[in-house]
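> Take this structure, written in C-alpha cells, and hold onto it; I'll ask about it next.
The values are calculated or read from the model by the stated rules, or taken from the named source; none is laboratory data. Here the structure is a predicted model, which is why all the values come from computation and not from measurement. Glycine also receives a Cβ, built like all others from the backbone with ideal geometry; neighbour counts cover every protein chain displayed. Each accessible area value is taken on the protein alone, full model and side chains, heavy atoms only, with ligands, DNA and RNA left out. Shrake-Rupley method; radii C 1.70, N 1.55, O 1.52, S 1.80 Å.
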Amino acid sequence: MLTGHLDHVGIDRIAGWARDEADPARRLVLELYDGDRPIVRFVADRMRTDLAGAGLGDGRYGFWLSLPAGLFPMPVHRIGVRFVDTGADIGGSPRHLYRADPALDEDFSAFVDAQMDAAIAAAERPEQLEPLIAFATSLTSRLVGAIDRFDTLNRSTPLRDIALSTLPDRLRRSADKLAGGPKPVHVPLHPDPRVSVVAASSGRLGDDHGLIRSLVETSTGIPLEIIVVDNSGVVETTLLPFLLRGGARVVRVARSAPAAGSSALIAAYAEGQRLARGEILVFLSGLASLADDALATLVETLDRAGPSALVAPRLVDADGLVRSAGLAVDPLGNKSPVGQGADAALTRFRVLRPADDVALNALVIRREALLAQGGFEALESLEDYATTDLAFVLRAAGGAVLVQGAAEAVLAGPLAGIAMRSAGRSRFLARWTGTLPRIGEEAAGEARTVLFIDEHFPAPDEDAGSVAVFSHARAFVRLGYRVVFVATERAGHAAARAQRLRARGIEAEDGIGSMEQFLATRANQFDVVYVHRFHVARQVLEAARGANPKARILFSLADLHHIREERARAVTGQGDDHAIAATRADELSAIAAADVTITHSDWERDYIADHLPEARVAVALWDLPGLPVRTPFAERQGLCFLGSYRHAPNGDAIVHFMTAVWPRTAEAVRRDGLDIVGAYTDALKLGALPDDIRLVGYVADIAAYLDRKRLMVAPLRFGAGVKGKVLLALSQGLPCIMSPIAAEGIPLSAELTEALVAADDDTFKARIEALYADPERWQTVSEAAVDWARRTLSEEAVTRALADALADAPAAAGPAHAPAPVAAKALA
C-alpha cells in the first residue's frame with residue numbers, strides 16, 4: 001500500500017514524504033503537477049527523523065524540492081504530487097497556492113490599485129466607499145464559488161490562507177476570530193434549483209453565518225440555492241464570502257444613505273429576487289435558525305395551497321415564546337402579531353392557520369405569483385405594508401395567506417413589517433378600506449370544534465385506517481371546524497405523526513395523560529366527537545358522551561370486526577364462536593350508542609340497516625388524488641401485493657396466492673416477478689422464497705414504486721370493510737386484480753368489475769394473464785380506474801359525505817356545521 005503526505009507548498013519549495021508499506025526498503029518516484037500539467041519527477045529518499053522515530057522503517061522517505069522563481073507566476077495554482085506507479089495523489093494533495101505578488105497581470109494590478117487609491121483620496125464620507133466594498137465582496141464571493149466548482153475536495157477555511165496581518169485592524173479582528181472559529185458552510189450545488197432562498201444580511205456576521213448553517217442542516221434533499229444580499233453597510237460582513245461555499249453567493253449592494261423603515265429590507269429582497277433562479281422563492285431576514293424540516297414543510301404547504309398563496313413559518317424567540325403566528329389586520333389597518341408572548345408549545349400555535357398578513361422576516365411564495373404583482377420593486381413604496389398589500393391581492397385573486405405552525409423559525413432580531421406609522425399605510429388603506437371590515441367580521445366568527453379520538457395518531461404510509469381518519473380530519477378543516485386530535489395510546493413515532501397533523505391545520509394533542517382526565521378537563525368544549533375504530537369506541541364512547549352531552553357522536557368503523565372474524569373462521573377454521581358473538585354484540589351496541597356511524601362500505605351500510613334499522617349510517621370513503629398515468633405499459637413490469645402484515649387477512653392472502661395461483665401463471669408473467677410490499681413483513685414467516693418472488697417490505701415512496709409495476713393483486717379470502725390497497729392502486733391507474741372480498745363495498749363501475757374482480761383462483765389467473773400481455777386493454781382499464789377515482793375519491797366527495805353525515809345526526813347541539821370561513825378552505 002502506497003502512503004504519503006504533502007506537508008508544505010510554497011512559492012519556492014514543496015515538502016512531504018511517501019512510502020511503500022509493503023516494501024519499506026523501496027524508494028518511491030513521485031511527480032509534481034500544476035493543475036493537470038506535469039512539472040518534474042523526483043524520488044522520495046531524504047531522511048525524516050520524525051518518521052524514523054515513529055517506527056516507519058529507516059525514515060528515508062522524505063522529499064523537499066527547491067523551486068525556481070517564476071515557476072508559478074499566476075495568482076492561484078493548484079499544486080499536486082502524485083505516485084508515478086498509480087497516478088493517484090498522495091495525502092494532502094492537491095493544494096492551492098495563492099500568490100500575493102503574481103508575476104503576471106502587473107499592469108492590471110497597478111490599474112486597480114490606482115483606482116482604489118483615487119477613490120479613497122476623494123471620499124469625504126464612509127458611504128462613498130461602499131460601492132468599492134460591494135464590488136470587492138461580490139468579486140470575492142464569485143472567486144470562492146469558482147474554487148468550489150473546480151476543486152470539490154477542498155474544504156479548508158479560505159481565511160487560513162489570508163495574511164491576516166495585512167488587513168486593517170477593524171477587519172482583522174473579525175477575520176482572526178473566524179479563522180479559528182466557524183467553518184465555512186457548504187451549500188450543495190444544484191444546476192437547476194427549485195427553491196431560491198434570499199437571505200438579507202442582518203449586519204451581524206455571526207448571525208448570518210448561523211442562519212445559513214441552520215438552513216443547510218435542516219433542509220437536506222431540497223434542490224436549493226442561497227443568495228445572501230448584504231446592504232447593511234457593515235464592514236465585518238465583507239467576510240461573508242469566506243464562510244459560504246458551493247451553491248451560495250453573496251451580493252453586496254451599496255447604498256448612499258440609511259433607508260427608512262423596511263425599505264432597506266425590501267430593497268435587499270428585490271435584489272435577491274432579481275438573481276434567483278428557482279420557481280419557489282423564500283425570503284428570510286433577522287432569523288437565528290430554522291427547525292428541522294421547516295423549509296420542506298413550508299414548500300409542501302405552498303405546493304398544496306395553490307399558485308396564488310403566501311406561506312410563512314411560526315416565529316418564536318430563544319426563550320420559547322411566540323413572536324408571531326401571523327399578523328392580524330383590523331378595520332383601521334392596525335397590525336398586531338397573533339399569539340405574541342404566548343408559550344410556543346401551545347398546540348393552537350403549532351398548526352397550519354390562515355392569517356391576514358405575515359411579518360417580513362420569513363415568507364415563501366411562487367416566483368410567478370410575486371412577479372405578477374411587479375415583484376418587491378413594485379412593493380417598496382409600501383414599506384411595512386408591502387406584504388400586507390401582497391397578502392390582500394393574493395386573497396382577492398382566490399389565493400391563501402397561511403402561517404404554517406408546524407414550521408418554526410427562531411428570531412434573532414425584531415419583527416419586521418409591523419410599523420403602523422409607515423408611509424405605506426395610507427396607500428394600503430386607500431386601496432383596501434372597503435375590504436377590511438368584512439375581513440374583520442369573518443375573523444370574529446368562532447369555529448365549531450370537533451374532537452377526533454383514535455388509538456394512535458395516523459400513519460398514512462402504514463395502514464388504510466390511518467389514511468381514512470387523516471382524510472376525514474382534513475375534511476372537517478375544510479368544513480370550517482377547529483379540529484383537535486388525541487390518541488388513546490402513545491406510539492414511538494407520535495411526535496412525527498403529530499407534526500404531520502399540525503402541518504394540515506389539525507391540533508394534535510400529544511401531551512395528555514389519561515383519556516378520561518383529558519375528556520373531563522375539556523368537558524363541553526366539543527360540538528362533534530369522532531371516534532375511530534371499534535376497540536377505541538368500546539373504551540371511550542361512554543366517557544365522551546358524558547363529558548360532551550350536547551355533542552354529536554360519530555363512530556367511524558375501520559371495518560366490522562365480527563364479520564372479519566366470522567369469515568376468518570370459515571376459511572381457516574380458527575376462532576372462537578363465543579368470542580365472535582361477544583364482539584358482534586359489543587360492535588352493534590357501539591353503533592346503536594352513536595348518533596351516526598360512518599362506514600366506508602356500501603355492503604356494511606346495508607348490513608347495519610338489516611340488523612339495526614334505527615341506526616343512522618353514512619358512507620364516506622377517503623380522498624386519494626386520481627393521478628395521470630406517467631409510466632407507460634412497456635416500461636412497467638412485475639406484479640405486487642401490498643399490505644400491513646400484522647393484519648391477518650393480508651398474510652393469508654399472499655400465502656394462498658403464492659401456492660395456488662402464482663405457480664400456474666404464465667411464464668411470461670412470472671419472469672418479471674412478484675413483489676411482497678408493505679410494513680411488518682417479519683410477521684409473515686415465509687421461509688425461503690423462489691427466485692421469482694421478492695420480499696420488498698416497507699417502501700417510503702409507495703406512489704413512485706407503484707408507478708413502476710404493471711399489476712397489483714389483492715387475493716383476499718376473508719376480511720371486512722373497504723381495502724385501502726385497492727383504492728390506492730386504482731387512483732394511480734394501476735389495475736388491481738381482486739377477489740370479491742377485496743372488492744366488497746367499493747362502488748366500482750361495471751367495466752372495472754368485469755376486468756378486475758375474480759371469483760376463484762382460475763379466474764384470478766386468467767385476469768392477470770389477459771391484462772399483463774395486452775397493452776391496449778391495460779391502457780383502457782388504467783384510464784377507467786383514474787376516471788373512477790377522480791369522481792369517487794375526491795376531496796369534494798369526502799367533504800360532502802361527512803357534511804351529509806352531520807346533517808343526518810340529531811339536532812340537539814344546533815346546526816350540523818357552521819359556514820366555512822373563506823380563508824379556512826385552503827388549509828387541508
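> What about Ser471, is it closer than 19 Å to Ala805 by Cα, among the polar types (S, T, N, Q), open to solvent by less than 50 Å² (accessible area, probe 1.4 Å) and under 27 Å from the mean Cα position of the chain (by Cα)?
Criteria met by Ser471.
> Shifting gears a bit: Is there a residue being over 19 Å from Asp595 (Cα atoms) and within 28 Å of the chain's Cα centre (by Cα) anywhere in the range 515-524?
Taking every residue of the range 515-524 in turn, none turns out to be over 19 Å from Asp595 (Cα atoms) and within 28 Å of the chain's Cα centre (by Cα).
> Look at the range 734-754 and say how many of its residues are open to solvent by 10 Å² or more (accessible area, probe 1.4 Å) and either of a type in the set (A, V, I, L, M) or assigned by the TED database to the domain that holds Asp559 (or both).
Final tally of qualifying residues: 5.
> Can you tell me how many residues within the range 697-735 are without any contact (Cβ under 8 Å) to a residue 24 or more places away in the chain, β-branched (Val, Ile, Thr) and out of contact with any Phe, Trp or Tyr (no Cβ under 6 Å at 6 or more places or on another chain)?
Here the count works out to 1.
> A further question follows. Tell me which helices (runs of 4 or more DSSP H) are completely within the range 294-397 and hold 2 or more residues being among the polar types (S, T, N, Q) and either surrounded by 15 or more Cβ atoms within 10 Å (Cβ to Cβ) or modelled with pLDDT under 90 (or both), or say none if there are none.
The qualifying helices (runs of 4 or more DSSP H) are 294-305, 386-396.
> Let me spell it out: the conditions are (1) over 45 Å from the mean Cα position of the chain (by Cα); (2) without any contact (Cβ under 8 Å) to a residue 40 or more places away in the chain, and Ala69 meets all of them except one. Which number is the exception?
Here Ala69 clears every test but (2).
> Being of a type in the set (Ser, Thr, Tyr) and free of Cβ contacts under 8 Å to residues at least 40 places away in the same chain is the filter; apply it to the range 503-553 and report the residue that is farthest from Val477 (Cα to Cα). Outline the logic, then answer.
Our first condition is that a residue be of a type in the set (Ser, Thr, Tyr); within the range 503-553, this holds for 514, 521, 530.
Those left that are additionally free of Cβ contacts under 8 Å to residues at least 40 places away in the same chain: 514, 521.
Values: Ser514: 26, Thr521: 23 Å.
Of everything passing the filter in the range 503-553, Ser514 is farthest from Val477 (Cα to Cα).
> Still on this structure: Within the range 709-721, take every residue that is in contact with a Gly (Cβ under 9 Å, 6 or more places away or on another chain) and modelled with pLDDT under 95 and give me the one that is farthest from Thr572 (Cα to Cα).
Among residues in the range 709-721 that are in contact with a Gly (Cβ under 9 Å, 6 or more places away or on another chain) and modelled with pLDDT under 95, the one farthest from Thr572 (Cα to Cα) is Gly721.
> Do you know which residues across the range 665-700 are under 21 Å from Ala634 (Cβ atoms) and hydrophobic (A, V, I, L, M, F, W, C)?
Correct list: Ala666, Ala668, Val669, Leu674.
> Another question, if that's okay. Does Ala495 meet the test of being of a type in the set (A, V, I, L, M) and more than 25 Å from Ala325 (Cα to Cα)?
no
> Oh, and also: Any residue that is of a type outside the set (Val, Ile, Thr) and over 11 Å from Ala312 (Cβ atoms) - is there at least one of those in the range 356-363? Walk me through it before giving the result.
Step one: of the range 356-363, the residues of a type outside the set (Val, Ile, Thr) are 356-357, 359-363.
Add one more test, that the residue is over 11 Å from Ala312 (Cβ atoms), and what stays is 356.
Yes, the range 356-363 contains a residue that is of a type outside the set (Val, Ile, Thr) and over 11 Å from Ala312 (Cβ atoms).
> Report, by residue number, each residue of the range 418-471 that is of a type in the set (Asp, Glu), at pLDDT 90 or above and part of a loop (DSSP other than H, G, I, E, B).
Within the range 418-471, just Glu455 meets the criteria.
> Still on this structure, I have one more. Let me spell it out: the conditions are (1) in contact (Cβ under 8 Å) with a residue 12 or more places away in the chain; (2) touching a helix residue (DSSP H, G or I) at 6+ places or on another chain (Cβ under 9 Å); (3) surrounded by fewer than 22 Cβ atoms within 10 Å (Cβ to Cβ), and Asp762 meets all of them except one. Which number is the exception?
The failed condition is (1).
> Determine which single condition Asp343 fails, assuming it passes every other condition in (1) touching a strand residue (DSSP E or B) at 6+ places or on another chain (Cβ under 8 Å); (2) in contact (Cβ under 8 Å) with a residue 24 or more places away in the chain.
All conditions pass for Asp343, except number (2).
> Turning to a different aspect of this structure: Is it the case that the range 415-428 has a residue that's of a type in the set (S, T, N, Q) and open to solvent by 30 Å² or more (accessible area, probe 1.4 Å)?
yes
> Next question, about the same structure. Just to check your reading of the model, which residue among Ala668, Ala679, Ala688 is aliphatic (A, V, I, L, M) and under 30 Å from Val798 (Cα atoms)?
On the way: Ala668 fails: under 30 Å from Val798 (Cα atoms); Ala688 fails: under 30 Å from Val798 (Cα atoms).
Testing whether each residue is aliphatic (A, V, I, L, M) and under 30 Å from Val798 (Cα atoms) leaves just Ala679.
> Residues in the range 567-578: is at least one modelled with pLDDT under 95, in a helix (DSSP H, G or I) and more than 24 Å from Val722 (Cβ to Cβ)?
If we filter the range 567-578 for residues that are modelled with pLDDT under 95, which is where we start, we get 567-578.
So of that shortlist, the ones also in a helix (DSSP H, G or I) come out as 567-572, 577-578.
Applying the additional criterion that residues be more than 24 Å from Val722 (Cβ to Cβ) yields 577-578.
Yes, that holds for at least one residue.
> Among the numbered criteria (1) more than 28 Å from the chain's Cα centre (by Cα); (2) modelled with pLDDT under 95; (3) surrounded by 21 or more Cβ atoms within 10 Å (Cβ to Cβ), which single criterion is violated by Gly678?
(1)
> If you take the residues in the range 7-22 that are part of a loop (DSSP other than H, G, I, E, B) and without any contact (Cβ under 8 Å) to a residue 40 or more places away in the chain, which one is surrounded by the fewest Cβ atoms within 10 Å (Cβ to Cβ)?
Ala22
The rows are residues; the columns are (1) of a type in the set (Asp, Glu); (2) at pLDDT 95 or above; (3) not in a strand (DSSP E or B).
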residue: Ala755; (1), (2), (3): no, yes, yes
residue: Phe764; (1), (2), (3): no, yes, yes
residue: Glu769; (1), (2), (3): yes, yes, yes
residue: Trp778; (1), (2), (3): no, yes, yes
residue: Ala785; (1), (2), (3): no, yes, yes
residue: Arg790; (1), (2), (3): no, no, yes
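> Keeping to the range 615-639, report how many residues are assigned to a loop (DSSP other than H, G, I, E, B) and either at negative phi or not assigned by the TED database to the domain that holds Trp788 (or both).
Looking only at that region, the number is 17.
> Determine which single condition Ala475 fails, assuming it passes every other condition in (1) in the same structural domain as Val536 (by the TED database); (2) modelled with pLDDT of 90 or more; (3) part of a loop (DSSP other than H, G, I, E, B).
Result: Ala475 fails condition (3) only.
> Can you find a residue in the range 567-588 that is of a type outside the set (Phe, Trp, Tyr), farther than 30 Å from Ala668 by Cα and within 37 Å of the chain's Cα centre (by Cα)? So that I can check it myself, show each step before the final result.
Step one: filter the range 567-588 for residues of a type outside the set (Phe, Trp, Tyr), giving 567-588.
This time we only want the ones that are farther than 30 Å from Ala668 by Cα, so: 567-588.
Going one step further and asking which of them are within 37 Å of the chain's Cα centre (by Cα), we end up with none.
Checked against the condition, which is being of a type outside the set (Phe, Trp, Tyr), farther than 30 Å from Ala668 by Cα and within 37 Å of the chain's Cα centre (by Cα), the range 567-588 yields no hits at all.
So that you can scan it fast, the table gives a plain yes or no per residue for (1) modelled with pLDDT under 85; (2) part of a strand (DSSP E or B); (3) outside the structural domain of Thr238 (by the TED database); (4) not aromatic (Phe, Trp, Tyr):
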{"site": "Leu32", "(1), (2), (3), (4)": "no, yes, yes, yes"}
{"site": "Ala52", "(1), (2), (3), (4)": "no, no, yes, yes"}
{"site": "Gly62", "(1), (2), (3), (4)": "no, yes, yes, yes"}
{"site": "Pro68", "(1), (2), (3), (4)": "yes, no, yes, yes"}
{"site": "Met74", "(1), (2), (3), (4)": "yes, no, yes, yes"}
{"site": "Gly80", "(1), (2), (3), (4)": "no, yes, yes, yes"}
{"site": "Ile120", "(1), (2), (3), (4)": "yes, no, yes, yes"}
{"site": "Ser138", "(1), (2), (3), (4)": "yes, no, yes, yes"}
{"site": "Leu143", "(1), (2), (3), (4)": "yes, no, yes, yes"}
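Let's see how each residue does on (1) more than 15 Å from Ala369 (Cβ to Cβ); (2) not β-branched (Val, Ile, Thr):
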residue	(1), (2)
Ser285	yes, yes
Ala291	yes, yes
Ala296	yes, yes
Thr301	no, no
Pro307	no, yes
Ala312	no, yes
Val316	yes, no
Ser324	yes, yes
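> Sticking with this one: Filter the range 453-468 down to residues that are among the aliphatic types (A, V, I, L, M), in contact (Cβ under 8 Å) with a residue 40 or more places away in the chain and open to solvent by less than 10 Å² (accessible area, probe 1.4 Å) and give me whichever is farthest from Phe641 (Cα to Cα).
Ile453
> Does Val450 satisfy the condition of being under 23 Å from the mean Cα position of the chain (by Cα), open to solvent by less than 10 Å² (accessible area, probe 1.4 Å) and of a type in the set (A, V, I, L, M, F, W, C)?
Here the answer is no, as Val450 does not meet what is asked.
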